[in-house]
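A.B. asks: Encoded as structure tokens, here's the structure I'll be asking about.
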Amino acid sequence: MNSLIKIIDAHGHLGGWRFFSIPHHDIDDLIICMDRTGVEKVCLSPFAGLNVDCRYSNDLIAQAIGKYEDRVLGYACVCPHKKHEIIPELERCFDKLHLNAIKLHPSESRYPADGTNYTPVYEFAQERKIAILNHSWGTPDHLRRLADKYPDVKFIQAHTAGGWDGLSQDGFIDAAREFGNVYMDTASSAIYRGTFEKLVDYLGEDKIVYGSDYTCMDMGYQMGRVIFSKIRPEAMEKILRNNFLSILKHL
Amino acid sequence: MDIMSKKSLTTFIDCNCMLGNCDFIGMDSFPDAGSLLHEMDDCGINEAIVYSSLAAYCSPSEGNQILIDELKDCKRLYPCPVILPHHTGEFPLPDDYTSFLKANDIKIVKIMPNAFKLPLHLWIWGEILGRLQEIRMPVMLDFSMGHWSESIDWESIYRVVHEFGDLPVIITGMGMAADRFVYPLFEKFKNLYMETSYYQVHDGIDGIVSKFGSSRLIFGTGMPVRSPYPPMTALLTSSVGTDEIAAIAGGNIRNLMEGVRFE
């Protein structure tokens, strides 16, 4: 285990969330927690951007970046129901607010993962070579079609690299094996014994990015999955840090 | 101090570990005490309270006895029988059962309402819980929660801790939605404790310790299904002090078990 790697967390949140109590959820609190747990940077999407108010969310994360620009990265959120607003908002996010990647959450947005209103998002990301983290891409076939059609977009499937049970065939993991621009993040409340090593073996150490889903879940709890795993040190550094940095390297 | 050093200096007692073959989980289980002890040595756990897979998912009376027999001479593993009430004759009368527990030096038991589809109604469980309260035997309540979003019967937990105020009750496998339920219960009832295998509320350990003290949390892993490391890192990276870490990691469960008063 290497406790000296400065972790880059690819999946975090800001603000409160209706499903449970999240104490200390503003950016100052998050930085304190990051300092305590050895996390150098985190890429955040405010919860509000997932379902209620993407513009408010994007402003909130921009303020956080402004305050802690060496520690905080930001996901831009858009509303799939307001198709005509998607491009202007993405342009604002990347040209004015200087956010880093895009976050989608179809189930919270109450819009199908394969809905066509997301097409402008993919086209924008393709043109600008921007990564997209999605709570779920819907089906593995849908993810494959996107990865094939938009080769300059890095597609990150949230949760799957953490929640895999080590037994079942997972089409998303297979999609990540097939396509060079598909990745999985580790953020999952389910952490099965011994499966992380199996996943690194099967999927490869270059296709996994560390994400904690912080503040949904405790940053310290989530890192246990990786830092005490039996993967080789070079793989650990890739997963905890370098893979996500290389995904964002175009910025 | 870095996390690796902290880990090596901490005495972990896992209060929630299953022993025995368990085919349906699909992953490696611990078929015998030796295999579990080997894993514990590998991940840095000193002692464990274990329940039987056969007891939990098939037949408590058979599984419990096999477990007790296997662990008779084992100094690092403590058997935790899965119990049922006495009315059908599957389990002895409460007085007889506590005699059995005393004879076998058992200091903790487990109830699994969801796995057995047997709710915690007081008219079912009242007699045995009352007897266990008399001897201050800790009772673990395992609702077999697979995912944090599943609903469990919090009302039944409330009824038990309310009715049996001197019975140490440990709820296990609680997830990130637990606080809104646990905090009001912790406020009202000093006899309620929470095991940490699945507890991943952001800064959750810090929050509970600051409001209720460190005595309410009890380290557990949920092995063989869950990885032991996340609850370890959650504790070791929290902002609580070393005494609090020691209490949660093992001191609290040891105190509860040493508090059993067989007559």
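A.B. asks: Determine ³J(HN,Hα), in whole Hz, for all residues of the range A:119-126 in sequence, where each value follows from phi through the Karplus function 6.51 cos²θ - 1.76 cosθ + 1.60 and θ = phi - 60°; x replaces Gly and Pro.
C.D. replies: Karplus values, whole Hz, x for Gly and Pro: 3, x, 5, 5, 5, 4, 5, 5.
A.B. asks: Pop out the Kirkwood hydrodynamic radius of the range A:62-115 from its pairwise C-alpha distances, inverse of mean 1/r, in Å to one decimal. Working shown, then result.
C.D. replies: Details: mean 1/r = 0.0828 Å⁻¹.
Evaluated on the range A:62-115, it is 12.1 Å.
A.B. asks: In the P(r) worked out for the range A:141-234, what percent of Cα pairs fall beyond 17 Å?
C.D. replies: Here the long-distance tail beyond 17 Å is 47 percent of all Cα pairs in the range A:141-234.
A.B. asks: Take the alpha carbon gyration tensor of the range A:211-251, find the square roots of its eigenvalues, order them as a ≥ b ≥ c, and report rounded if a/c is under 1.5; if not, report prolate when a/b exceeds b/c, else oblate.
C.D. replies: oblate
A.B. asks: Over chain B, how many percent of alpha carbon pairs lie in each 10 Å bin up to the one with the longest distance?
C.D. replies: 7, 33, 39, 20, 2, 0
A.B. asks: While we're looking at this one, here's another question. Return the average number of partner chain Cβ atoms within 10 angstrom of each residue Cβ along peptide B:144-150.
C.D. replies: Taking all residues of B:144-150 together, the mean is 2.
A.B. asks: Say the dipole of the protein assembly as shown comes from +1 at the beta carbon of Lys and Arg and -1 at that of Asp and Glu; which of A:161, A:151, A:222 then lies farthest toward its positive end?
C.D. replies: A:151
A.B. asks: Here's a follow-up. Calculate, in whole percent, how much of the Cα-Cα pair population of the range A:1-48 lies beyond 18 Å.
C.D. replies: Cα-Cα pairs in the range A:1-48 separated by more than 18 Å: 32 percent.
A.B. asks: Right, something else. Work out the length of the dipole vector of the range A:115-251 about its Cα centre, built from +1 on the beta-carbon of each Lys and Arg and -1 on the beta-carbon of each Asp and Glu, and round it to the nearest 20 debye. Can you show the working numbers first?
C.D. replies: Values: 16 positive and 18 negative charges, 43 e Å.
Result for the range A:115-251 is approximately 200 debye, rounded to the nearest 20.
A.B. asks: Explain nothing, just the number: dipole magnitude of the range B:126-216 about its Cα centre with +1 on each Lys and Arg Cβ and -1 on each Asp and Glu Cβ, in debye rounded to the nearest 20.
C.D. replies: So the dipole magnitude of the range B:126-216 works out to roughly 240 debye.
A.B. asks: A further question on this structure: Regarding the range A:87-130, what's the average projected area of the Cα-atom convex hull, expressed in nm²?
C.D. replies: On the way: hull surface 12.6 nm².
Mean shadow area of the hull around the Cα atoms is 3.1 nm².
A.B. asks: Let me ask something else about it. Per q in 0.13, 0.16 Å⁻¹, report the Debye log10 I(q)/I(0) for chain A, using one uniform scatterer on each alpha carbon and no solvent.
C.D. replies: These q points yield log10 I(q)/I(0) values of -0.74, -1.18.
A.B. asks: Then there's this: Viscosity 0.692 mPa s, temperature 37 °C: what is the translational diffusion coefficient of the protein assembly as shown from Stokes-Einstein with a Kirkwood Rh over Cα pairs, rounded to a whole number of µm²/s?
C.D. replies: Roughly 137 µm²/s, to the nearest whole number.
A.B. asks: Per q in 0.22, 0.24 1/Å, what log10 I(q)/I(0) does a Debye calculation on the alpha-carbon atoms of the range B:70-145 return?
C.D. replies: Log-scaled intensity ratios, in q order: -1.07, -1.23.
A.B. asks: I'd like the carbon and sulfur percentage of the solvent accessible area for the protein assembly as shown, probe radius 1.4 Å, heavy atoms only, ligands and nucleic acids excluded.
C.D. replies: 50 percent
A.B. asks: Suppose we keep just the DSSP beta bridges with both residues in the protein assembly as shown; what percent of those would be antiparallel, to 5?
C.D. replies: DSSP beta bridges in the protein assembly as shown are roughly 5 percent antiparallel.
A.B. asks: Taking amide H atoms as placed 1.01 Å from N in the peptide plane, list the residues 5 or more away in sequence, or in a different chain, whose amide H sits under 5 Å from that of residue B:17.
C.D. replies: For residue B:17, the qualifying residues are B:49, B:51.
A.B. asks: Could you do me a favour and compute the accessible area per residue for chain A, 1.4 Å probe, result in Å²?
C.D. replies: Solvent-accessible surface per residue comes out at 38 Å².
A.B. asks: Take the alpha carbon atoms of the range A:1-147, find their radius of gyration, then divide it by 2.2 N^0.38 Å using N residues; give the quotient.
C.D. replies: 1.06
A.B. asks: For residue B:226, what residues show an amide H to amide H distance below 5 Å, using hydrogens built from the backbone and excluding near sequence neighbours?
C.D. replies: A:193
A.B. asks: Provide, as a two-decimal number, the C-alpha radius of gyration of the range B:146-232 over 2.2 N^0.38 Å, N being how many residues it has.
C.D. replies: Working: Rg = 12.5 Å, N = 87, 2.2 N^0.38 = 12.0 Å.
Relative to the 2.2 N^0.38 Å estimate, the range B:146-232 comes out at 1.04.
A.B. asks: Taking 2.2 N^0.38 Å as the expected size of a compact globular protein, what ratio does the Cα radius of gyration of the range B:110-263 give against it, to two decimals? Numbers along the way, then the final one.
C.D. replies: On the way: Rg = 14.8 Å, N = 154, 2.2 N^0.38 = 14.9 Å.
So the Cα radius of gyration is 1.00 times the expected 2.2 N^0.38 Å.
A.B. asks: Just check the range A:132-173 against the gyration tensor rule for me: Cα atoms, a ≥ b ≥ c as the square roots of the eigenvalues, rounded for a/c under 1.5, and otherwise prolate or oblate depending on whether a/b exceeds b/c.
C.D. replies: The shape class here is prolate.
A.B. asks: Whole-Hz Karplus ³J(HN,Hα) for the range B:97-112, in order, using 6.51 cos²θ - 1.76 cosθ + 1.60 and θ = phi - 60°, x for Gly and Pro?
C.D. replies: So the Karplus estimates, Gly and Pro as x, are 5, 5, 5, 4, 4, 5, 4, 9, 6, 9, 10, 6, 9, 9, 10, 10 Hz.
A.B. asks: What cysteines in chain A have no other cysteine with a beta carbon less than 4.7 Å from their beta carbon?
C.D. replies: Flagged as lacking a Cys partner: A:33, A:43, A:79, A:93, A:216.
A.B. asks: Which far-off residues, 5 or more places away or on another chain, put their amide H under 5 Å from the one on residue A:74, with H placed in the peptide plane?
C.D. replies: Result for residue A:74 returns A:44, A:100, A:101.
A.B. asks: Now for a different question. Quick one: work out the % antiparallel among DSSP beta bridges in chain A, nearest 5.
C.D. replies: Here the share of antiparallel DSSP bridges comes out near 5 percent.
A.B. asks: Right, next: Which whole-Hz ³J(HN,Hα) couplings does the range B:158-172 yield from phi under the Karplus relation 6.51 cos²θ - 1.76 cosθ + 1.60, θ = phi - 60°, glycine and proline marked x?
C.D. replies: 4, 4, 5, 5, 6, 6, 10, x, 9, 8, x, 10, 10, 8, 10
A.B. asks: Now, a different point. Starting from the eigenvalues of the Cα gyration tensor, five times each then square-rooted, give me the equivalent ellipsoid semi-axes of the range B:1-130, largest first, whole Å.
C.D. replies: One finds semi-axes of 29, 16, 15 Å for the range B:1-130.
A.B. asks: Which three lengths, in whole Å and largest first, does the range A:21-103 cover when its Cα atoms are put on their principal axes?
C.D. replies: 42, 29, 15
The values are calculated or read from the model by the stated rules, or taken from the named source; none is laboratory data. What you see is a predicted model; the values in this text were computed from it and never measured. Cβ coordinates were reconstructed from backbone atoms using ideal geometry, including for glycine residues, and neighbour counts include every protein chain displayed. Surface areas here come from the heavy atoms of the whole protein model, side chains and all, with no ligands, DNA or RNA. Shrake-Rupley method; radii C 1.70, N 1.55, O 1.52, S 1.80 Å.
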